[in-house]
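The values are calculated or read from the model by the stated rules, or taken from the named source; none is laboratory data. Here the structure is a predicted model, which is why all the values come from computation and not from measurement. Backbone-built Cβ (ideal geometry, glycine too); neighbour counts: all protein chains shown. Areas reflect the complete protein model, heavy atoms only, side chains present, ligands, DNA and RNA absent. Shrake-Rupley method; radii C 1.70, N 1.55, O 1.52, S 1.80 Å.
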There are 2 protein chains.
Amino acid sequence: MKLLFPLALASVLSAVADPLPSWQETETKKAIVSFVENVTTPGSADYVDPAARIATFDNDGCLWSEQPIYFQAFYIFDRIKELAPRHPEWKEEEPFASVLKGEVEKALEGGEEALLKMAMATHAGLTDEEFRATVGKWLATARHPKTKRPYTEMVFQPMLELLAYLRANEFKTFIVSGGGIDFLRVFAEDVYGIPPQQVVGSSIKAGYEVRDGKPVIVKLPELDFIDDKEGKPVGIHQHIGRRPIFAAGNSDGDFQMLEWTTSGEGARFGLLVHHTDAEREWAYDRESHVGRLDRGLKEGPDRGWTIVSMKDDWNRVYPAAP
Amino acid sequence: MKLLFPLALASVLSAVADPLPSWQETETKKAIVSFVENVTTPGSADYVDPAARIATFDNDGCLWSEQPIYFQAFYIFDRIKELAPRHPEWKEEEPFASVLKGEVEKALEGGEEALLKMAMATHAGLTDEEFRATVGKWLATARHPKTKRPYTEMVFQPMLELLAYLRANEFKTFIVSGGGIDFLRVFAEDVYGIPPQQVVGSSIKAGYEVRDGKPVIVKLPELDFIDDKEGKPVGIHQHIGRRPIFAAGNSDGDFQMLEWTTSGEGARFGLLVHHTDAEREWAYDRESHVGRLDRGLKEGPDRGWTIVSMKDDWNRVYPAAP
């Protein structure tokens, strides 16, 4: 019975209070509310059965910030520094050498491949439990270089409200991120209310073995899946097995996810968060080294996608400090 | 609000009626009910939060029959016959040639590798939608050679009740099968009440492309993952991201899933269906070519696993014909 009261309470609250208080009263908010009412009102031509109310969200730049670099890259850099004494060869080997010298930009020059190399070197060999413990410890203590906040407090308050609003309307909310699936799972349930089985992300392979009588899952130094661009609809297919009716992203890495979602039959919603707020967050799009948004801005409006201007559509960005 | 009433109703019903009417009043049934009450009673030392109530079920031989061969193999054979006119080379090429001559045993001599070869040849190249349509059509018309029933009516009534009982107690039920994930998803929701995102299985790779302006998911002729033996805990890790507290299987292919599940801390339940009923279903274990159960029978009892004797623990096997 534990589940009943929060659900009932959420329903009552949503009937009497604004479920999206951090969203300005703009066309954007109207479009979201109108879509949700349309697909959930029995008898509506666009009515969708609760089982098919699947909503997918990118994470970096969509649910939390991603500047000056992806937050998981900060974790990887900190792990490299921590593990360096056991890897004397890293002093000479790129991209590790640049990280150890504090030359972050140079370390990232190798792009995705360099980041993947560092992710595998720092993640592989750990059991799943060990990995989760290192991420948990890091999230509890690390601070963002600019805001000095814990990374988990750099999530977007309006998006937290949107997730809760969709769930109160019997949507299932999923993360579909280019970031590491197991990294995300450490905090997604507490921070976003999204359980581990509803997280889709990039992954390295894993193995199962019995060590001294104790079964463990071990992370292996082999790429399994990159959940970005064309990979996002594929990851959705493999993990969810059903086409979403709502998808939110913020970069061209999300283009195919929105394309896949909004080309299905019936009412569909595609949302792109446009980072337009240099004062409260960051302003970037076509020329950015992370979260580049170009094709989405060009083609999105003609495809019926809703472009959220952070500056104009949100009256607050981050949650109040606890 | 739609969700509230069925949930509440299920709770009331479970308090007044036997939720497992097809289970005999044996120690097996007592063990199941006692476990569920233990982990769901607030204040109990073994209480488990609903979010962590994960239950995983093998499919072939656990939720439905698997004799004389896996039902998906019948589908593959029928597809080979259907596609043969487009593949004249199959007349000479094994294992296809044997299938076309009706020599099933010879076609299966190559074991898992032969089956995989046939699965890829018949599944790959199709879009996800086309694949689902062929499976749906086959399930609607194909009949089992012995019982003459549709395959979806050869599911085990006691296991359907067990799935519903666990869900009424706020468990999330998952399939974790060596069978094809997309094959299972076609009927798992209707037949077992298990939605596509809660199905884990073996898979071939998939790609995303835009064909004549229409985005599609296409199945590719490349193995992605075999969800059997050590693969089951790995599949659980990748898809669910949380260790189950309840796992059910019937063969040594499920050994590692039960081992992984029951070696976690707190109350755990491992269940093996032992096919002991030659009259109502089939009787087989150590020497069987499908669903071989040997190590599980030897080590299961010492590991605290519950061995279900189909003959003695179930008062009915299949649902009544509709």
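Points worth noting:
- Selection within segment A:236-255: residues that are free of Cβ contacts under 8 Å to residues at least 60 places away in the same chain and more than 10 Å from every other protein chain (Cβ to nearest Cβ). The member of this set that is farthest from B:GLU129 (Cα to Cα) is A:ASP252.
- Enumeration of residues in segment B:268-290 that are open to solvent by less than 40 Å² (accessible area, probe 1.4 Å) and of a type in the set (A, V, I, L, M): B:LEU271, B:LEU272, B:VAL273, B:VAL290
Listed here are the residues, each with its yes/no results for (1) assigned by TED's automatic domain parsing to the domain that holds B:ARG185; (2) over 30 Å from B:SER309 (Cβ atoms); (3) free of Cβ contacts under 8 Å to residues at least 40 places away in the same chain; (4) not in a helix (DSSP H, G or I).
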| position | (1), (2), (3), (4) |
| --- | --- |
| B:ALA55 | yes, no, no, yes |
| B:ILE76 | no, yes, no, no |
| B:ILE80 | no, yes, no, no |
| B:LEU83 | no, yes, yes, no |
| B:TRP90 | no, yes, yes, no |
| B:GLU94 | no, yes, yes, yes |
| B:ALA97 | no, yes, yes, no |
| B:GLY102 | no, yes, yes, yes |
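- In segment B:212-235, the residues that are open to solvent by less than 50 Å² (accessible area, probe 1.4 Å) and more than 10 Å from every other protein chain (Cβ to nearest Cβ): B:ASP227, B:ASP228
- When we screen B:LEU293, B:LEU258, B:LEU297 for residues that are open to solvent by 10 Å² or more (accessible area, probe 1.4 Å), in contact with a strand residue (DSSP E or B) (Cβ under 8 Å, 6 or more places away or on another chain) and either more than 20 Å from B:VAL33 (Cβ to Cβ) or within 14 Å of chain A (Cβ to nearest Cβ) (or both), the only hit is B:LEU297.
Yes/no per residue for (1) of a type in the set (Asp, Glu); (2) surrounded by fewer than 22 Cβ atoms within 10 Å (Cβ to Cβ); (3) at the interface with chain A (Cβ under 9 Å from one of its Cβ atoms):
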| position | (1), (2), (3) |
| --- | --- |
| B:ALA168 | no, yes, no |
| B:GLY178 | no, no, no |
| B:ILE181 | no, no, yes |
| B:TYR192 | no, no, no |
| B:ILE204 | no, yes, no |
| B:VAL210 | no, yes, yes |
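- Just one of the listed residues (A:LEU126, A:LEU115) is at pLDDT 95 or above, open to solvent by less than 50 Å² (accessible area, probe 1.4 Å) and at negative phi, namely A:LEU126.
- Among the residues listed as B:GLU66, B:GLU92, B:GLU105, B:GLU82, the single one being within 28 Å of B:VAL317 (Cα to Cα) and open to solvent by 80 Å² or more (accessible area, probe 1.4 Å): B:GLU105
- Pairs linking a residue in segment A:21-36 that is open to solvent by 40 Å² or more (accessible area, probe 1.4 Å) to a residue that is in a helix (DSSP H, G or I) and at pLDDT 95 or above, with Cβ atoms under 7 Å and 6 or more positions apart or on different chains, are A:PRO21/A:GLU161; A:GLN24/A:ASP312; A:GLN24/A:ASP313.
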